[in-house]
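Participant: Handing you a structure now.
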Amino acid sequence: MSTSQKKKKSLVQMIFSFAQEKKTFYGVSIALAVLSVACAIAPYFLIATIISQLLGGMRDWNIFFTEALVIAAFWTGNVIFHALSTTCSHMATFSVLGNIRKQLCDKLSRVPLGTVLDLPSGTLKNTIVERVDSMETTLAHIVPEYTSNLLLPVCLLAYLFVLDWRMAVTSLICCPIGMIAMMFMKIGYEKNFQRTIDTTKVLNDTAVEYINGIEVIKAFGKSKTSYDKFVKAANDNAASFVDWMRASLWPFTIALVIMPSTLVTVLPIGGIMVLHGTLAPEAFITIIILALSLIQPIITVFSYQDDLAKAGVIFSEVYAILDLPELNRPATDRTVPRDNSIAVKDVRFSYHKGIAGEEKKEILHGISMTLPEGSYTALVGPSGSGKTTIARLIASLWDVDSGSVEIGGVNIKDLSLEEYNKRIAFVSQDNFLFDMSIRENIRLGRPDATDAEVEEIAKESGCYDFIMSLDKGFDTIVGGSGAHVSGGERQRIAIARAMMKNAPIVILDEATAYTDPENEAIIQKSVARLVRGKTLIVIAHRLSTVADADKLYVIKDGTIDSSGTHEELLAQNGLYKRMWEAHISAKDTDIEGVA
């Protein structure tokens, strides 16, 4: 379904699209709500009957006592059916909310990496957690309660028209006046509501940015100036609500005072009609009782308008994520690759900025390369030349604009994401560790791995000794994003996790960027053992670490400047030789500095 089609969905359609999978529960909830309303209405009719009996001279207290018990039974039924109705709606709603969050997370896993990176993390977190959670009011309460609170006044009003149409109209005189006051509250509603949404997003994004950058802020002594941005966002957010509420105060107060004041018109007009003999006294008493209870449900319905408006915005935000363009992949493999060789054929790629991809800048300009199965290939070149972009395209984190990436002679667009991901182990220079034990972070590479296998892979990847030096060893919790371990340790754990996956294709993007020379040598040796027989792609700035690669591709400004072995590239006397000489010179300078 296209974006334009989804934008045309009404709020009711959006609500039912999410509630569809639990429609039976919601149907039962609405049915119970109707029974609850019926039990709430019945006592009014009984009270009217009792009044008529009293005015008619009946004094049989046994009958009155029985009727009182029936009234009590109806009120009890009202409470029970209402409780059962909301229980059903809540059971369905929390299941639906959980599934919506799963849909959003699954969607993000199928969306190109660049699209996800363009979305502020605070906005995504706010939508998936807080915004989805706030849908609970709409799905759990409005579905049954909106129905019952609309049904109750309709039934009471119908009965009033049966008793006396003039008094029915009289009981509604205050309602339009209150509604006019409500309409004044709607002036600028969309603008004011959108302001609260925008300032809330800014506040969330600023808070996430502030927390993530707290180390830099403290290190450079800029806590006051940096905090000013967060304070301004918080004040703007508070002001958006306060200003809106202040503007709505008077019309809201007038509406709440006037709309329930039905007796202001019912008593004098009904009294005159009784005096003139055009209205029976017992009917007048009954009308007074019903008029008292007529408007409150209508006010309750109006109170949901704000929730409905919020729900419309929230559902639209959820649909905006669910409607993001996905990677072009089939559900199952269309064909099977013959091996694990890689071919990049005339690939062009542009980074698309913004959710709609309205801005783009071509980064790769017709890249072609061949990586045989089991080969060791290195991508080198100046920063920003496109090395990491090539690796991410091979890892299927983006789709190429033109050209193709093939595995074993098969275009990766003909392979399912799930199956293709099993073939690739990707280690970047900024790897993420989850807030759980080191053992479980490594086990993510292969969830069914035993503790012994986790420890063995840690030994082979060169991180066993430092893990065992920690207080709790493999059971040490690494903290959010791996904050409790150093950058080098975090990188080594990520490498162990990738090795645990045992994928036939391994991509290392500056995998030793945060390690010291001693540990770098250990990791290089362990990686060499663990990737034996696999198709290995390494991106490195330190050329000495990839000098023994089967083939090096020198990337410059999104094109292949040259390719060959280390010796062949040095003999060409081009960019690679200049980079190598600069690298060797820098190493010599470091040695002299230490000496």
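Participant: For a test of the definition: using alpha carbon positions, the gyration tensor, and the 1.5 limit on a/c, classify the stretch 148-202 as rounded, prolate or oblate.
Facilitator: Oblate, because a/c is 1.5 or more while a/b does not exceed b/c.
Participant: Leaving out ligands, DNA and RNA, and with a 1.4 Å probe, what % of the accessible surface on the chain is carbon or sulfur?
Facilitator: Looking at the chain in its full context, I get 61 percent from C and S.
Participant: Could you list which residues have their amide H under 5 Å from that of Ile555, counting only those 5 or more apart in sequence or on another chain, with H placed in the peptide plane?
Facilitator: Amide H neighbours of Ile555, under 5 Å, 5+ apart: Val380, Gly381, Asp561.
Participant: Among 71-80, 496-505, what's the highest-first ranking by average C-beta atoms within 10 angstrom per residue?
Facilitator: 496-505, 71-80
Participant: Right, next: Counting only heavy atoms of protein chains, what accessible area per residue, in Å², does the chain have with a probe of 1.4 Å?
Facilitator: Heavy-atom SASA per residue in the chain reads 50 Å².
Participant: OK, next. Is the shape of the stretch 69-196 best called rounded, prolate or oblate, per the rule: a/c under 1.5 gives rounded, else a/b larger than b/c gives prolate, else oblate, with a ≥ b ≥ c the square roots of the Cα gyration tensor eigenvalues?
Facilitator: Here the stretch 69-196 falls in the oblate category.
Participant: Using the Cβ atoms and a cut-off under 11 Å, what net charge is assigned to the surroundings of Tyr304, where Lys and Arg are +1 and Asp and Glu are -1?
Facilitator: Net charge in that neighbourhood comes out at -2.
Participant: Same structure again: For a test of the definition: using alpha carbon positions, the gyration tensor, and the 1.5 limit on a/c, classify the stretch 260-341 as rounded, prolate or oblate.
Facilitator: The shape class here is prolate.
Participant: Compute the semi-axes of the equivalent ellipsoid of the stretch 230-297, taking the square root of 5 times each eigenvalue of the Cα gyration tensor, and list them largest first in whole Å.
Facilitator: In descending order, the three semi-axes are 46, 11, 4 Å.
Participant: Rounded to whole Hz and in sequence order, give me ³J(HN,Hα) for the stretch 131-147 from the Karplus expression 6.51 cos²θ - 1.76 cosθ + 1.60, θ = phi - 60°, writing x for Gly and Pro.
Facilitator: Per residue, the Karplus-derived 3J(HN,Hα) values read 5, 5, 4, 6, 6, 4, 4, 5, 6, 8, 10, 5, 4, x, 6, 4, 4 Hz.
Participant: Summing +1 for each Lys or Arg and -1 for each Asp or Glu, what net charge is found among the other residues whose Cβ lies under 9 Å from the Cβ of Met500?
Facilitator: Cβ neighbours under 9 Å give a net charge of +3.
Participant: What does the charge count near Ile288 come to, summing +1 for each Lys or Arg and -1 for each Asp or Glu among other residues with Cβ under 13 Å from its Cβ?
Facilitator: Every neighbour counted, the sum reads -2.
Participant: If you don't mind, there's one more thing I want to ask. Show me 288-296, 156-164 ranked by packing, highest mean number of other Cβ atoms within 10 Å first.
Facilitator: Descending packing order for the listed peptides: 288-296, 156-164.
Participant: Please work out how much accessible surface Thr565 shows to a 1.4 Å probe, ignoring ligands, DNA and RNA, in Å² rounded to 10.
Facilitator: The accessible area comes out at roughly 40 Å².
Participant: Same structure, new question: Quick one: ranking Cys155, Cys463 by accessible area, 1.4 Å probe, largest first, what do you get?
Facilitator: Descending accessible area places them as Cys155, Cys463.
Participant: Still on this structure, I have one more. If packing is taken as the average count of other Cβ atoms within 10 Å, what order do 340-346, 456-462 fall into, highest mean first?
Facilitator: Output ranking for 340-346, 456-462: 456-462, 340-346.
Participant: Kirkwood Rh over Cα pairs of the chain into Stokes-Einstein at 10 °C, 1.306 mPa s: D in µm²/s?
Facilitator: So the translational diffusion coefficient is about 53 µm²/s.
The values are calculated or read from the model by the stated rules, or taken from the named source; none is laboratory data. Note that the structure is a prediction, hence the values are computed from the model and not measured. All Cβ positions, even for glycine, are placed from backbone atoms using ideal geometry, and neighbour counts span all protein chains on display. For accessibility, only protein heavy atoms count, side chains too; no ligands or nucleic acids. Shrake-Rupley method; radii C 1.70, N 1.55, O 1.52, S 1.80 Å.
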